[in-house]
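Following: one structure in structure tokens, then a few remarks.
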Amino acid sequence: MYPLCPWVQGPAAQTPSADLPNCRNWSSVGEERGAALRLTVNGEVHEVPCNPMDPLLGVLRDQLGLTAAKLACGRGECGACTVLIDDRPRMSCITPAGVAGDVVTLEGLAEESSDLRGEFADRGAFQCGFCTPGLVVHATALLRRGLPDDPGERRAAVRHSLNGNVCRCTGYQAIVEAVCVTAERRAADRSAGPAPAAGAAS
Ligand code: FES
Ligand code: FES
């Protein structure tokens, strides 16, 4: 059976344990060891006291205060912790901080994902919202890469690409719709070209 996330299981499951690391014991490990790791996150270089094997998610959330990426399964199965590493979606709960390259979190994609997030909101593509940051990060990477023009192929590509991001609430239809509509609108905007300058002769 798929393990429920600690928030769904309740307070007992949220206690730090040796079996299932969570952000509290991750960050304390780094602080105890006192080592400094240089990390580039959202274009800024940080010196973070942590062990290179500490999960990146804990470093982002507890030491850098970047809390958009979420801890759910903690074992690389749900995508709630997705961030971009060197422009590729990666699950930060199973990525050692020491091997992370250029990291971008949802906080760093706020402007780029603004239209996509608007579509999520307008279409009710979230309920509890726990999966949403990971989905938006992953979909942002997908939109950068480009999607097929054919609506059926586009929908299939989105469904396939986002299949590692688990949502327990929505049934996925509105999520796929939000990504497809955003792709369509961006493609239309690109083909329309830049808006004419104000006062330009007609
Ligand atoms: S928290 Fe589920 S994959 Fe990272
Ligand atoms: S898990 Fe609740 S909105 Fe996706």
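The values are calculated or read from the model by the stated rules, or taken from the named source; none is laboratory data. Please read these numbers as outputs of a predicted model, since none were measured by experiment. Cβ coordinates were reconstructed from backbone atoms using ideal geometry, including for glycine residues, and neighbour counts include every protein chain displayed.
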From Glu112, Glu47, which residue is of a type in the set (D, E, K, R) and in a strand (DSSP E or B)? Glu47
All but one of (1) within 16 Å of ligand 1 (Cβ to nearest atom); (2) outside the structural domain of Met53 (by TED's automatic domain parsing) hold for Asp115; which doesn't? (1)
Go through (1) free of Cβ contacts under 8 Å to residues at least 12 places away in the same chain; (2) in a helix (DSSP H, G or I) and name the single condition Pro133 misses. (1)
For residues that are in contact with a helix residue (DSSP H, G or I) (Cβ under 8 Å, 6 or more places away or on another chain) and either β-branched (Val, Ile, Thr) or within 15 Å of Thr82 (Cβ to Cβ) (or both), tally how many sit in region 121-132. 3
Are there any pairs with C-beta distances below 7 angstrom linking a residue in region 172-190 that is in contact (Cβ under 8 Å) with a residue 12 or more places away in the chain to a residue that is more than 16 Å from ligand 1 (Cβ to nearest atom) and outside any helix (DSSP H, G or I), with the two at least 6 apart or on different chains, and if so which? Ala174/Gly124; Ala174/Ala125; Ile175/Ala125; Ala178/Ala125; Ala183/Leu147
Test: Arg75 is within 13 Å of ligand 1 (Cβ to nearest atom), in contact with a Ser or Thr (Cβ under 6 Å, 6 or more places away or on another chain) and either closer than 19 Å to Phe130 by Cβ or in the same structural domain as Arg145 (by TED's automatic domain parsing) (or both): no
Quick check: anything in region 43-55 within 30 Å of Glu184 (Cα to Cα) and outside the structural domain of Gly164 (by TED's automatic domain parsing)? yes
Which numbered condition in (1) within 25 Å of Asp54 (Cβ to Cβ); (2) within 16 Å of ligand 1 (Cβ to nearest atom) is the only one that Cys128 fails? (1)
Quick check on region 140-163: of everything there that is within 16 Å of ligand 1 (Cβ to nearest atom) and of a type in the set (A, V, I, L, M), which residue is farthest from the chain's Cα centre (by Cα)? Leu162
